[in-house]
Every structure is written in C-alpha cells, then in structure tokens.
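Trainee: Take this structure, written in structure tokens, and hold onto it; I'll ask about it next.
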Amino acid sequence: MRRLLHPNSLSVACGIQLPIVVILISCSTANSQWISDPAVDARLLRGIDYIYNIEFEKADREFDQVIRLQSDHPAGYFFRAMTQWWRILSDFENESHDKKFYEMLETVIEMCERRLEENENDVTALFFKGGAVGFRGRLRANRGAWLGAANDGMTALPAVRKAHELEPENFDVLLGIGIYNYYAEVIPGQYPIVKPLMLFFPSGDRKKGLEQLLLASQKAKYAKTEATYFLLQSYFTYEKQYLKALEIARELHAKYPRNPLFHRIYGRCYVSLGNWGEASRLFAEVEERFREKQPGYDVYDGREAYYYLGKFHFLSGRLNEALQSLYKCDELSRKLDKEGASGFMSMSNLTIGLIYDLQKRRASAVAQYRKVLDMKEFENTHKDARRFIEHPYTRN
C-alpha cells in the first residue's frame, strides 16, 4: 500500500498494483462541492486538514458536527470514514481498525443508494458511493482479498464516470478522471499482471491525465491535497522530474508537518537529487519521531529512516555509524517482511557487506553477499553480490 517495496521507489499510497479502477475511485471521488451551508463547509475543510496532519480526534469532532448539522448528507459520514482510513495507514499491520472502517463505508453506501433510488442522477450520491466502494476495494486489495477488490472496482467505475458526465467542470471530480487517465496508461507497462484487467476498462491518456492532475491540484476544493499528492507521485515515480516533485513535497510537508508519508517523500526527493545532507536531516527527524512514538510514525517509517541514514553515513565514510543504522533497518525488516525480503532488507544487507569489505572483514562480507543472494532481487542486488563475492568491494 503506502509502504515502500524498493528503497528508491515511491509506492503509490493506495496500492499501485491494485486494479486501476480501485486507485481511481478510492482516491478521488466523494469530494464534490454540494455543502451549501458555509459553516458546515468550513468544518469539512478543517476536518480534512486534520486528517492529513494526523490529528484524528480533532477531525472526528469536526465530522461529527457535520453529521449532526446535516445528517441526511453523506459527506460527514464519508470523511469520518477517511479518518479511520488514515488510522489504518498509520498502523497498517494492526487489522483491528478494519471492521469499523468497513462498517462506516457501508453506512455511506446505503445512504447513497437510497438517494439514487429517488434520483439516479444524484451526483452527490454517485460520488460518495463511488468513493466508499473504492476505499473498500482498496483495503480489500491491501489485505489480499483481490477478487473482492476487483468487484468493487467494477462497481465503482460506472458511478464515477456518470458523475463526471453530469458535472464535467467540477475540479474535485477532475482528480478522479485525471488519476484514471494517467495510471490506466502508466501502470500496465510497469505491472504486466494488470494488463488483462484493463481489457474491460477504457484506455488511458498519460499526458492528459497529468494535465488534469495539475489542474485539480490548483483548483479543487476538497480534493486539493489529494490531487497535489498524486501529482507528486506521478512526477517522482514515473516522470522522474525530481525538482518538480521536490517543490510539491516541500509544500505538503510545510502544510502537514505531522504527516509521515509527506515527510518521507520529501526526504526521498532529496535522495534522488543527490542532496544527502538535506535528506539525512529529514530522515533523522523521521527516526526521532519513530523512536518517540509520535502518532503516525510507525515501524515502516522507522525502517526507511534507518536505511537512508545508513546510506548517508556510508557515503560519508562513517562506516560504524552506517552499520548501526543498517543493522536497525535489517532488524525491523525481519519483523515486517513476512512474505519475503523487501528492498530495504536486500539493499541494507548488501551495503553491510560493502562496509565489511572496506573494514577488511572479508569472510563476513562474503557471508553478507551470500545472504543477499537468498533474498529477492531489487535492481542489481544479486549481480552486485556475485561480483563482490568474486572481487572485494573497494573505493577508488
């Protein structure tokens, strides 16, 4: 899901390997502009900001008030469920939040279906139903329930497309269409397993999708942050435009300083640009917040921070400091990687071997390289391990 499988890649927060339609629906709909009361509208916007800044209790209070003031509108119910979603993201190994999340989504779906029985062109109901079904599919996919996730995607897409046809000038809506257009072209090339599924869906348009994401990030109301985040992901992961990604990441981190996802992406942008000084500063902050158990900063965040801090020390020639960070990264990886080694485990163990070679601990280095060969390959980890088994790693 939001977790990194490779140390130098950015996993799409909503699960890049899921059916594209699940990505589309779960991250974009249900953000339409149909709250007429300015006071209620302001509460919604405050609550959304609280979600992104990992201030869940404050968000819940805002959405509870929205529900009290407009109990027949799905917005408050949906965004309260989004608070629960971010609770799940903040402690993803803990599945105790799942049941309540599904129940909250079901409340939204049932409310929207009642509205659609009265008016099949109720755009608000179409949006919020699509969003709720999409997020249900998103979690199902992340928990391994692929068939249920695919069914949710098939259910949600028609609602979203119909809503867009009814209100094509809605910039919050445009985010969903932009996500679909962009990822429907990009993802099948990256993940061939998705290609057969795409036979049942319309083709995408990478260029148009990126333009739509940019427009939504500038003009959307409720979906502005989500649009900005997806634009960041697109620039960073697929367009490789790291300066543009850095600018966006800086903006998101400044606005939501408590959000670990935005914090880490900001650091990765500096890594990709070769600015290890700034990257290490940011990941040192992440590591500190992880150790202090600040809400939202979990073991995944800690592992990533230790990896990049280890790389920074390694590149700076502080080998003992590098080992300490990489040992911690490996330790956390062994707790997390229940289905095989992650990129963090493979890359950290390879780097440990390089350090052992530099320290003239040849037997230990070879043992490390052999361990890497038993792990899943990421980039050239196996090729490098074999090379350094034959010839010790040295620095010129």
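Trainee: Among the residues of segment 285-293, is any within 24 Å of Leu261 (Cα to Cα), touching a residue at least 24 places away in the same chain (Cβ under 8 Å) and surrounded by 15 or more Cβ atoms within 10 Å (Cβ to Cβ)? Steps first, please.
Mentor: So the first thing to find is which residues in segment 285-293 are within 24 Å of Leu261 (Cα to Cα), and the list is 285-293.
Now narrow it down to the ones that are touching a residue at least 24 places away in the same chain (Cβ under 8 Å): 286, 289.
Then drop every residue that is not surrounded by 15 or more Cβ atoms within 10 Å (Cβ to Cβ), which leaves 286, 289.
Yes, segment 285-293 contains at least one residue that is within 24 Å of Leu261 (Cα to Cα), touching a residue at least 24 places away in the same chain (Cβ under 8 Å) and surrounded by 15 or more Cβ atoms within 10 Å (Cβ to Cβ).
Trainee: Please indicate, with yes or no, whether at least one residue in segment 3-19 is surrounded by fewer than 22 Cβ atoms within 10 Å (Cβ to Cβ), of a type in the set (Ser, Thr, Tyr) and either modelled with pLDDT under 50 or not in a loop (DSSP other than H, G, I, E, B) (or both).
Mentor: Checked segment 3-19: at least one residue is surrounded by fewer than 22 Cβ atoms within 10 Å (Cβ to Cβ), of a type in the set (Ser, Thr, Tyr) and either modelled with pLDDT under 50 or not in a loop (DSSP other than H, G, I, E, B) (or both).
Trainee: Going residue by residue through segment 146-153, is there one that turns out to be closer than 21 Å to His73 by Cα and assigned by TED's automatic domain parsing to the domain that holds Ala81?
Mentor: The answer is no; no qualifying residue exists.
Rundown of residues vs (1) more than 27 Å from Leu252 (Cα to Cα); (2) crowded, with 23+ Cβ neighbours inside 10 Å; (3) within 19 Å of the chain's Cα centre (by Cα), yes/no style:
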| position | (1), (2), (3) |
| --- | --- |
| Leu166 | yes, no, no |
| Leu175 | no, yes, yes |
| Tyr191 | yes, no, yes |
| Asp205 | no, no, no |
| Leu214 | no, no, yes |
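Trainee: Just checking, does segment 128-136 include any residue being surrounded by 19 or more Cβ atoms within 10 Å (Cβ to Cβ) and either touching a Lys or Arg at 6+ places or on another chain (Cβ under 7 Å) or in the same structural domain as Tyr300 (by TED's automatic domain parsing) (or both)?
Mentor: No: zero hits.
Trainee: When you look at Leu175, is it in the same structural domain as Tyr52 (by TED's automatic domain parsing), farther than 25 Å from Gln84 by Cβ and in contact with a Leu (Cβ under 8 Å, 6 or more places away or on another chain), yes or no?
Mentor: Against the criterion (in the same structural domain as Tyr52 (by TED's automatic domain parsing), farther than 25 Å from Gln84 by Cβ and in contact with a Leu (Cβ under 8 Å, 6 or more places away or on another chain)), Leu175 does not qualify.
Trainee: Continuing with this model, one more query. Looking only at segment 353-373, which residues are surrounded by fewer than 24 Cβ atoms within 10 Å (Cβ to Cβ) and touching a residue at least 24 places away in the same chain (Cβ under 8 Å)?
Mentor: Scanning segment 353-373 gives Leu354, Ile355, Asp357, Leu358, Gln359, Arg362, Ala365.
Trainee: Within segment 139-154, which residues are buried (at least 19 other Cβ atoms within 10 Å of the Cβ), within 14 Å of Lys99 (Cα to Cα) and among the charged types (D, E, K, R)?
Mentor: Once the filter is applied, which keeps residues that are buried (at least 19 other Cβ atoms within 10 Å of the Cβ), within 14 Å of Lys99 (Cα to Cα) and among the charged types (D, E, K, R), segment 139-154 yields only Arg140.
Trainee: Looking at (1) under 20 Å from Ser90 (Cβ atoms); (2) within 14 Å of the chain's Cα centre (by Cα); (3) among the hydrophobic types (A, V, I, L, M, F, W, C), can you tell me which one Ala227 breaks?
Mentor: Condition (1) is where Ala227 drops out.
The values are calculated or read from the model by the stated rules, or taken from the named source; none is laboratory data. Keep in mind that this is a model prediction, so the values were computed, not measured. So basically every Cβ, Gly included, is an ideal-geometry build from the backbone, and we count neighbours across all protein chains shown.
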